[in-house]
Amino acid sequence: MSAAGRVVVVGGGIIGTMYCLMALEAGFEVVHVERDIEPRGASVRNFGLVWVGGRAAGPELALALRARRLWEEIALRVDGLHFRPAGPLTVAGSAAELRMMEQAARQDDAGIRQWQLLSAESARGLCPELSERSAGALYCGRDAVVEPRLAVNTLREHLRRQRGYSWASGREVVLLGERKVKDEHGEWFAGDRVLLCTGAQGVGLVAPHLGGPRVRRVRLQMLQTEPYPGTLGPALADCDSMRYYPAYDAGALAWLPPQAPIARSFAAQLLLVQRVDGCLTFGDTHDYDEPFPFDLEEEIYRYLLDRAAAVLRQPVPRVQRRWAGVYSETIEKRSELYWREEVLPGVEVVSGVGGRGMTCAPAIAEQSVAWLSGNTPAARPDAHLGLPERVSAGTASTTATEEP
Ligand SMILES: Cc1cc2nc3c(=O)[nH]c(=O)nc-3n(C[C@H](O)[C@H](O)[C@H](O)COP(=O)(O)OP(=O)(O)OC[C@H]3O[C@@H](n4cnc5c(N)ncnc54)[C@H](O)[C@@H]3O)c2cc1C
């Protein structure tokens, strides 16, 4: 056993994997247990947006800013994450939408977010593939992108080359004990600490500990096209994204024209990211009512494809694949950024991070490891940020429709 101790991490998604990285670098021996042969959860199904600019002022923005810096640092020592600053450009389709952006660009914290209002011409300077019809755009200079289909596997391959890390895949944890877990084959994994990063599991292992509506699950529909002939540069979003991200002054939202009924009924916004192979990933929708449909709704895809066609200069390429993904988000205390709790002695759950998990994972892992090492006095999610004890629900709230 290493000098710092031994940690068992359950869950091979981005939260569990970042936790392994931070724990290993802090000197812990790490055993990483995953149900699937390779992770198939939200962490490989998302946009890969490290979206800082849209975060609520206060702890959420601070957490995202810290995470963004950590992503950048990690990408310097782990090859193949394809971390890159990449907008997004939130595109105005009308003068009314541009007015809303002007308001946003005047917000006190616009500088921290690196928001910049761009004329149609300047926006096309940044993204030559933008349609002539765009009226201007809001650029978020802080934001970045990684490749979600590669990130967790790339990080894990990096970990496997380090001493003190072991990977146990195809092992479903079915039982918890004090400082230990048991898989379905009856094998126990014990350590000084066990961390459950099991994602949006509403059943099974963590279910007995949910004790009421601590988290809820959200289902999203996504698609990916064949390679687009041009290079986009920044990610793109339409103005509906301003309705869902908590960064924007609510008063200014009144400038926006009414949302299209179909977009409203799917709580949808256009988000569009060009992957390193040229393909376009886009979405996204939000479904909160369980049981979730087992199939994909075509009507909203048609709407999003039309929106993309209005934003891009060249035709949208043929659709290559479609999928859905589910994340969980805290709802018990709306000021909590995620759910972290010791549910048995030495066994901690980290879940409910919502639509910001890919963004915030390194900072969340850093906080947990600091706590594990005894460097922070409390398990409060924003403890290391030196922020006030509790922010009001208004400033740190996460609502149903805020996230990608
Ligand atoms: C479509 C979509 C788009 C999104 N876009 C973005 C975005 O652009 N930016 C952003 O910041 N966030 C985004 N998110 C949110 C983000 O993806 C999630 O918050 C994040 O991936 C959650 O990571 P996780 O590790 O907690 O969960 P997961 O990735 O789901 O990983 C959990 C892992 O635990 C394993 N597991 C579960 N139970 C057990 C068990 N009993 N035993 C062993 N293993 C188990 C699962 O197999 C899984 O591999 C998006 C989410 C979705 C669904």
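Every number in this text was worked out from the coordinates using simple rules, so none of it is lab data. Everything quoted here is computed from the prediction, not taken from an experiment. Glycine gets a Cβ as well: all are built from the backbone with ideal geometry, and neighbour counts include every protein chain shown.
The table that follows gives values for the structure above.
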read-out	value
Given charges at Cβ of Lys, Arg, Asp, Glu: segment 178-268 dipole, positive-most of GLN201, CYS239, GLN224	GLN201
Local electrostatic count at PHE189 - Lys and Arg +1, Asp and Glu -1, tallied over other residues with Cβ under 9 Å	+1
Choice from GLY346, GLY12, GLY374 showing the highest fluctuation, given a GNM over the chain with Cα pairs closer than 10 Å	GLY374
Relative contact order for the chain, counting Cα pairs under 8 Å that sit 6 or more residues apart, in percent	25
Projected label distance in nm at ILE262 and GLN320, using a 7 Å step from Cα toward the beta-carbon	2.4
Among beta bridges that DSSP assigns inside the chain, antiparallel share in %, nearest 5	70
Test item: Cα-centred dipole of the chain, Lys/Arg +1 and Asp/Glu -1 on Cβ, debye	420
Calculated from backbone phi, Karplus (6.51, -1.76, 1.60) coupling profile of segment 285-301 in Hz, x at Gly/Pro	10, 9, 10, 10, 9, 9, x, 6, x, 8, 10, 9, 8, 7, 4, 6, 5
Space enclosed by the convex hull of the alpha-carbon atoms of segment 121-225, per residue, Å³	229
Highest-fluctuation residue, VAL349, VAL276, VAL33 considered, GNM on the chain with Cα pairs under 10 Å	VAL276
Largest-first principal axis extents of the Cα set of segment 1-159 (Å)	62, 31, 25
Listed residues MET358, MET22, MET101, most fluctuating in the chain (Gaussian network, C-alpha, under 10 Å)	MET22
At 0.890 mPa s and 25 °C, Stokes diffusion of the chain via Kirkwood alpha-carbon radius, µm² per second	114
Spin-label model distance (nm) - GLU157 vs GLU297, 7 Å beyond Cα toward Cβ	3.8
Point-charge dipole on Cβ atoms (K/R +1, D/E -1) for segment 136-175, about Cα centre, debye to 20	240
Per-residue ³J(HN,Hα) for segment 174-188, Karplus 6.51 cos²θ - 1.76 cosθ + 1.60, θ = phi - 60°, Hz, x for Gly and Pro	10, 9, 10, x, 5, 6, 7, 9, 10, 8, 5, 8, x, 8, 8
Dipole moment magnitude, nearest 20 debye, segment 73-157 about Cα centre, only Lys, Arg, Asp, Glu C-beta charged	60
222 nm mean residue ellipticity, helices alone, for the chain (DSSP H n ≥ 4; -39,500 (n - 2.57); rounded to 500)	-8500 deg cm²/dmol
Phi-based couplings in Hz for segment 360-368 (Karplus 6.51, -1.76, 1.60; Gly and Pro marked x)	8, 3, x, 6, 5, 5, 4, 4, 5
Inverse mean reciprocal Cα-Cα distance (Kirkwood Rh) of segment 283-349, Å	15.9
